[in-house]
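The values are calculated or read from the model by the stated rules, or taken from the named source; none is laboratory data. Keep in mind that this is a model prediction, so the values were computed, not measured. Quick reminder, even Gly has a Cβ in these numbers, built from the backbone with ideal geometry, and neighbours come from all protein chains shown.
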Amino acid sequence: MSRGLVALALAIGVTAGAAGVWAKRRALAADLATARDLHGAGYAGSLACRRCHPDHDATWSRTFHRTMTTEATPANIRGDFSGATLRHAGVEARMDRDADGGYRMTFATPGAPPRTAKVVRAVGSRRYQQYLAAEGDTLWRLPVAYHIEEKRWFPMTGAFLFSDRATIDDVARPRYGGGVFDRHVTRWNDNCVFCHNVAPNPGRDPSTGAFQTTVAELGIACEACHGPGAEHARANADPSRRYALHLAPRADPTIVNPSRLPPARAADICGRCHGQRITADVGPFLAHGDPFVAGDDLTRYSRPLGRDTPLRGDATAFAARFWEDGTPRLTAYEYQGLLQSACAIKGGLTCTSCHGMHEGDPRGQIRAPFAGANRAGAFEGPTVTDQMCTQCHVPLAAPAAVAAHTHHDPAGEGARCVGCHMPRIVYGVLDVHRSHRIEIPTVPRNDPLDAGYGAGRPDACTLCHVDGLAGREKGPHPSLSLFTSDPVGRAVAADALGRAPSWGGDERSRRLGALLASMTEDDFPAVRHIAWRSLRRLIAPGAPPGEGLGADFDPSGDIPARLAEVQRVRRALGAAVHDVDVRTLFVLSAIASHQQLEIGE
Amino acid sequence: MNDEIRRCRRFGWTSLAAWALFGLAIEAAHGFKLAAYLDDSLRHTVLRLAHAHGVILALVVLAFPATLAPDDDERRARAARRTGLMLRAAALLIPAGFALGAIAPHEGDPGWPVVLVPIGGALLVGGLIRTAWRAWRFR
């Protein structure tokens with residue numbers, strides 16, 4: 001081959017290559033500049049995401065979002081299915097495995113043939129795990145759940161703010177144990193499915209009521225927050241497109257990156273599940289699924305529930321879910337709390353200002369820079385540092401400023417931002433959580449509604465100063481609210497009595513007496529549960545489940561069993577307990593409200 | 001022809017020494033549990049690929065003179081020089097692309113210098129085909 005021919009071939013090759021690169025650049029520029037409507041787009045699944053985003057996959061895989069809903073496989077089941085039994089309300093539930101290794105629950109009720117349900121899926125993996133059984137085209141939440149930290153089974157009636165005197169409602173459901181035992185047997189297809197999966201679609205046929213439920217992926221996976229990713233995965237199989245995005249960082253229109261959204265739109269993604277909503281017509285939701293896609297304005301399809309939101313003309317239908325000033329008092333209303341916060345209204349705060357979906361301890365997912373010390377107990381994530389707030393409120397970062405601002409020792413718990421501005425006044429999943437309405441505390445909040453020690457909202461001060469503030473008018477405080485408030489108020493009070501610092505004198509002994517009285521007398525098992533955990537914090541801090549004083553107390557147990565365990569603890573503690581006077585208890589309990597709360601089903 | 005043999009020997013042994021030294025460095029990174037190396041699986045992978053390709057391709061370059069014959073005419077000698085150049089370029093570009101791709105990688109993708117790898121790969125495949133052709137064509 002002559003030198004001239006080689007040069008010509010080389011020139012043609014270089015020209016063709018340059019033309020190809022130029023055409024590719026133009027095509028890529030046009031592609032990246034074309035906005036996509038992700039509604040109706042296909043879902044790829046987290047396995048497809050992992051191929052390019054292994055680090056994000058790894059950090060998401062650690063979270064409880066991933067295991068929100070799982071198939072009933074040995075890797076996912078946390079409950080003790082070795083033949084454990086639970087007796088409650090005249091029913092004996094036995095949890096074991098069938099000959100094929102499948103998980104099952106058998107419910108035996110006197111006078112009725114036993115009923116066996118095969119567990120097909122599990123919901124939850126942090127605090128407790130619930131189980132689903134199939135009945136035709138539907139899945140039903142079974143009436144017994146496993147408490148992961150306490151390593152024991154409990155009836156679902158004990159997880160909700162329902163009293164021992166709860167009666168069965170008229171909702172049609174399969175019979176497992178029967179009667180009140182089945183009160184919280186709930187259909188997954190049109191309830192749990194919406195918040196615990198990606199792209200839920202109940203697929204309910206409006207004419208027959210039959211379900212053909214689908215989800216893009218079980219649990220809360222990548223596309224719950226980033227939108228449907230099939231086109232994104234397909235387009236980015238082309239390395240030149242990926243490197244174009246790497247080298248000139250810009251938004252890829254085939255996917256949603258929440259960190260590039262305005263704060264309100266980013267919060268909407270979380271609000272889809274962490275903010276109970278209502279829609280004018282639930283029919284399309286049930287027939288075709290939730291139309292919300294990450295990046296949408298959530299109010300386009302639904303509006304967040306508020307204290308005065310009417311339901312079929314009843315403006316009080318949801319009132320019990322909020323304190324009288326509109327602050328949410330149940331979990332899954334964090335979005336409403338955020339919307340009410342000046343930090344969000346004026347400061348552009350959004351969920352990911354403090355929480356990281358790909359960082360931090362999975363318990364709470366507080367962003368890594370704001371995580372403080374670890375606390376005892378599997379439930380409790382690390383404490384949060386003031387840096388979470390001082391990232392914006394910079395002048396308050398200095399200890400002298402903290403002392404002046406809080407009137408507390410800057411190094412002590414009383415000076416922590418969240419202690420006063422996000423008090424623990426929210427009930428959910430057998431625990432009491434911080435309010436997400438970030439606000440300036442009122443000292444103390446003597447609400448007119450609370451004049452009779454009713455359901456008034458507790459104030460941040462007396463959640464630590466549990467006997468009330470010295471020198472101030474005595475408003476509601478946990479030592480009283482434990483007996484006089486409504487179930488949420490009592491749960492909050494019970495929690496505060498276990499967490500508050502000890503102030504010396506006989507204050508601790510009165511606290512122990514109050515908690516023991518609540519464990520015996522309160523007719524709401526969830527309140528008794530929290531009172532028991534608070535008692536354990538005081539008398540057996542850090543003790544593993546099943547060990548230490550009071551370990552055998554069963555909050556859902558019957559009265560004789562509860563009384564026997566309380567008396568055993570009482571005897572062991574001796575003079576360390578200052579009992580609540582029976583006559584006082586009688587008077588205070590008469591004031592208490594026993595209104596049960598439907599939480600969101 | 002002797003010039004080509006010398007070039008291949010110089011390049012091959014130097015490259016082998018350099019990539020062996022590089023291997024020693026990544027072994028040390030293992031030994032001293034260097035986070036920057038161990039904690040990033042992509043960086044870990046591309047640096048290992050750089051070491052492996054560097055060493056093996058250096059050996060290929062060293063083996064290439066064995067296909068040369070002292071009685072090659074000028075045309076064959078010129079072709080052999082081009083083939084040797086392609087193999088040496090491949091032995092430089094491929095491991096260098098991997099190694100430099102470890103600098104500022106993106107999640108799931110090495111840094112942009114990894115583009116040197118497919119260029120080197122094309123040269124390597126071309127060089128190997130020419131060498132194979134030569135082995136069949138000429139005694």
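Structure values in brief
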quantity: Filter pass, B:Ala69 being more than 23 Å from A:Pro239 (Cα to Cα), part of a loop (DSSP other than H, G, I, E, B), aliphatic (A, V, I, L, M) and more than 14 Å from chain A (Cβ to nearest Cβ); calculated: yes
quantity: Residues (surrounded by fewer than 20 Cβ atoms within 10 Å (Cβ to Cβ) and free of Cβ contacts under 8 Å to residues at least 60 places away in the same chain) located in segment A:263-279; calculated: A:Arg265, A:Ile278, A:Thr279
quantity: Checking A:Ala531 against (1) small (Gly, Ala, Ser); (2) within 24 Å of A:Ile148 (Cα to Cα); (3) modelled with pLDDT under 90, the condition it does not meet; calculated: (3)
quantity: Leading residue by the ranking (farthest from the chain's Cα centre (by Cα)) among those in segment A:301-355 that are farther than 30 Å from A:Thr390 by Cβ, outside any loop (DSSP other than H, G, I, E, B) and not aliphatic (A, V, I, L, M); calculated: A:Asp314
quantity: Selected residue (criterion: modelled with the highest pLDDT) from residues of segment B:93-112 that are of a type in the set (A, V, I, L, M) and surrounded by fewer than 19 Cβ atoms within 10 Å (Cβ to Cβ); calculated: B:Ala96
quantity: Hey, B:Arg137 within 14 Å of chain A (Cβ to nearest Cβ) and at pLDDT below 95 or not; calculated: no
quantity: Number of positions in segment A:216-231 that are within 22 Å of the chain's Cα centre (by Cα) and in a loop (DSSP other than H, G, I, E, B); calculated: 5
quantity: Filter pass, A:Arg51 being more than 14 Å from every other protein chain (Cβ to nearest Cβ) and of a type in the set (Lys, Arg); calculated: no
quantity: Residues of segment A:82-98 that turn out to be over 25 Å from A:Arg562 (Cα atoms) and assigned to a loop (DSSP other than H, G, I, E, B), as a count; calculated: 2
quantity: Failed item, numbered, when A:Pro74 is tested on (1) more than 23 Å from the chain's Cα centre (by Cα); (2) closer than 30 Å to A:Pro200 by Cα; (3) part of a strand (DSSP E or B); calculated: (3)
quantity: Qualifying residue in segment B:113-120 (condition: at pLDDT 90 or above, more than 14 Å from chain A (Cβ to nearest Cβ), under 23 Å from B:Phe22 (Cα atoms) and assigned to a helix (DSSP H, G or I)); calculated: yes
quantity: Tally of residues being under 20 Å from the mean Cα position of the chain (by Cα) and more than 30 Å from A:Gly548 (Cα to Cα) across segment A:124-152; calculated: 3
quantity: Pick from segment A:56-73, criterion surrounded by fewer than 18 Cβ atoms within 10 Å (Cβ to Cβ) and in contact (Cβ under 8 Å) with a residue 12 or more places away in the chain, ranking: nearest to the other protein chains (Cβ to nearest Cβ); calculated: A:Thr59
quantity: Filtered residue count, segment A:206-255, keeping only those that are within 14 Å of chain B (Cβ to nearest Cβ), touching a strand residue (DSSP E or B) at 6+ places or on another chain (Cβ under 7 Å) and either touching a residue at least 60 places away in the same chain (Cβ under 8 Å) or closer than 25 Å to A:Arg66 by Cβ (or both); calculated: 1
quantity: Of all residues making up segment A:544-593, the number that are under 34 Å from the mean Cα position of the chain (by Cα), surrounded by 12 or more Cβ atoms within 10 Å (Cβ to Cβ) and among the small types (Gly, Ala, Ser); calculated: 10
quantity: Test result for B:Val46, within 14 Å of chain A (Cβ to nearest Cβ), under 16 Å from B:Gly120 (Cβ atoms) and part of a helix (DSSP H, G or I); calculated: yes
quantity: Selected residue [crowded, with 22+ Cβ neighbours inside 10 Å, within 23 Å of A:Leu430 (Cα to Cα), away from chain B (no Cβ under 14 Å) and small (Gly, Ala, Ser)] from A:Ala89, A:Ala145, A:Ala117, A:Ala84; calculated: A:Ala145
quantity: Candidate set from segment A:232-266 (those that are in a helix (DSSP H, G or I) and of a type in the set (Lys, Arg)); member that is farthest from B:Glu107 (Cα to Cα); calculated: A:Arg265
quantity: So A:His39, is it within 30 Å of A:Tyr243 (Cα to Cα), part of a loop (DSSP other than H, G, I, E, B) and not assigned by TED's automatic domain parsing to the domain that holds A:Asp361; calculated: yes
quantity: Options A:Gly17, A:Gly42, A:Gly13; residue that is away from chain B (no Cβ under 14 Å) and of a type in the set (Gly, Ala, Ser); calculated: A:Gly42
quantity: Identity of the residue in segment A:98-114, surrounded by fewer than 19 Cβ atoms within 10 Å (Cβ to Cβ) and hydrophobic (A, V, I, L, M, F, W, C), that ends up nearest to the chain's Cα centre (by Cα); calculated: A:Ala108
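Every residue, every condition in (1) under 18 Å from B:Gly120 (Cβ atoms); (2) more than 14 Å from chain A (Cβ to nearest Cβ), yes or no:
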site	(1), (2)
B:Ala58	yes, yes
B:Val61	yes, yes
B:Pro65	no, yes
B:Arg75	no, no
B:Ala80	no, yes
B:Leu87	yes, yes
B:Ala99	yes, yes
B:His106	no, no
